[in-house]
Amino acid sequence: MPRSNPTDDPGRRTTRRTAVVVAVVVIAIGAGAGALALRRHPGGDVASAPPPVTTTTVTRADLSDSRSLNGMLGFGPERLVKGAGEGVVTRLPKVGDTVARGKPLYWVNDRPVPVLFGGTPLFRPLDKPGLVGSDVRIVSDNLRALGYHTGSQPSRGTDGTKIGAGQAVLTGSLVGGIKKWQQALGLDPTGTIGVGQVAVLTGPARVSTVKALPGDPVVGELLAVTEKVKLVTVPVGAAEVGTITVGAAVVVALPDSSEIPGTVASISQTVRGGGADGGTGQGSPPTVDVLVAPTRAADVAKLDAATVQVRFTTAIRKGVLAVPVGALVALREGGHALQLPDGGLVAVETGMFARGLVEVSGTGVTEGLDVVTAS
């Protein structure tokens with residue numbers, strides 16, 4: 001009997017054909033997946049490529065910190081002018097009148113009371129040659145500023161005492177200057193000045209309020225004055241006013257959003273507030289008035305009074321190393337670092353933050369160093 005060939009078995013042939021078909025399908029699926037992979041990763045690289053990083057460089061810059069505070073544009077705070085001596089007020093200035101050195105401010109018994117500039121009122125009669133004091137110095141300095149000859153000042157008084165700083169001696173030459181000044185004012189040239197015969201103000205001013213009436217006794221509140229030019233009064237916290245200096249440049253934002261330059265004109269020595277607030281038991285924060293003068297008077301000529309904002313520069317750091325704030329990396333153990341493009345970290349100390357930049361320092365931190373930044 002002839003031996004059967006396994007290949008001739010119909011069932012085996014069917015099984016074999018099925019295996020071949022499955023193998024072809026698997027190969028086809030594999031090839032399709034491979035082609036898909038190649039489409040997703042050009043060049044055949046199936047690993048995900050790292051995302052590109054943004055870098056910046058450490059630069060050297062000037063950083064400044066500033067703060068804006070509300071202020072009121074006007075002529076500044078009022079200062080009272082009180083009369084002294086004896087007599088009746090016979091003439092007063094008008095609101096808006098300017099006060100000039102050596103010119104009359106008001107009249108008592110039809111006698112003009114002129115203005116001198118200084119910080120010390122005339123507290124006694126200057127009627128004896130040889131008197132020494134700060135009041136004598138006020139008269140001497142003002143007459144010299146007005147162009148009168150007052151002679152040279154001795155270094156010692158008539159009793160041999162050394163003349164202190166800010167003082168002067170009532171010399172014969174100074175008495176002569178007083179007489180000529182009195183004569184120019186239409187007064188009797190006595191060469192003496194009594195209490196109340198001169199008003200001493202701190203500088204050029206403008207009459208803001210008239211309190212007295214003709215016929216009132218001269219002793220008492222007569223009028224009030226303000227600065228001659230428009231100023232911005234800014235209340236600053238007493239604990240923060242130390243960051244502001246006289247003469248510092250500022251920027252004033254006007255109601256129409258325009259900005260003009262200004263300078264700090266003065267800082268008051270008087271602290272306001274800090275007491276009980278309406279019986280609530282809460283104290284109002286103590287403040288100090290800072291006066292700011294616009295650089296150009298024409299910038300505020302059309303404004304009588306307005307609420308404005310003043311931007312003060314409170315700190316300046318010149319020539320420091322800085323990076324964008326987005327380059328800082330917060331460390332888990334605390335502090336900050338900069339990340340290098342290769343992934344390394346450089347620990348840094350941070351300083352001033354300003355305009356999106358931060359001051360950095362530390363070992364390895366140099367100008368031109370490339371670092372990774374998020375912005």
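The values are calculated or read from the model by the stated rules, or taken from the named source; none is laboratory data. All of these numbers come straight from a predicted model, not from anything done at the bench. Cβ placement follows ideal geometry from the backbone for every residue including glycine, while neighbour counts extend to all protein chains displayed. Accessible surface is based on the protein model in full, side chains and every heavy atom, while ligands, DNA and RNA are left aside. Shrake-Rupley method; radii C 1.70, N 1.55, O 1.52, S 1.80 Å.
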Check on Lys318, over 19 Å from Gly74 (Cα atoms) and basic (Lys, Arg): yes
Tally of residues being open to solvent by 30 Å² or more (accessible area, probe 1.4 Å), in a strand (DSSP E or B) and either touching a residue at least 60 places away in the same chain (Cβ under 8 Å) or of a type in the set (S, T, N, Q) (or both) across region 283-310: 3
Candidates Gly186, Gly157, Gly151, filtered to the one that is surrounded by 13 or more Cβ atoms within 10 Å (Cβ to Cβ) and on the phi > 0 side of the Ramachandran plot: Gly151
Candidate set: region 326-350, residues that are touching a Gly at 6+ places or on another chain (Cβ under 9 Å) and open to solvent by 60 Å² or more (accessible area, probe 1.4 Å); chosen: the one farthest from Gly242 (Cα to Cα): Ala347
Subset of region 72-128 (residues that are under 18 Å from Glu221 (Cβ atoms), in contact (Cβ under 8 Å) with a residue 60 or more places away in the chain, assigned to a strand (DSSP E or B) and of a type outside the set (Lys, Arg)): Leu80, Val81, Gly83, Val88, Val89, Thr90, Val99, Leu105, Tyr106, Val108, Val113, Val115
Only one of Arg79, Arg60, Arg91 that is open to solvent by 60 Å² or more (accessible area, probe 1.4 Å), within 30 Å of Gly237 (Cα to Cα) and modelled with pLDDT of 50 or more: Arg79
One residue from Thr313, Thr263, Thr280 being hydroxyl-bearing (Ser, Thr, Tyr), modelled with pLDDT of 95 or more and open to solvent by 30 Å² or more (accessible area, probe 1.4 Å): Thr263
Total residues in region 358-375, condition open to solvent by less than 50 Å² (accessible area, probe 1.4 Å) and either part of a strand (DSSP E or B) or among the hydroxyl-bearing types (Ser, Thr, Tyr) (or both): 6
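Yes/no per residue for (1) modelled with pLDDT under 95; (2) touching a strand residue (DSSP E or B) at 6+ places or on another chain (Cβ under 9 Å):
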site	(1), (2)
Thr295	no, yes
Lys302	yes, no
Gln309	no, yes
Glu349	no, yes
Ala354	yes, yes
Glu367	no, yes
Hits in region 323-373 - residues which are acidic (Asp, Glu) and touching a Phe, Trp or Tyr at 6+ places or on another chain (Cβ under 9 Å): Glu359
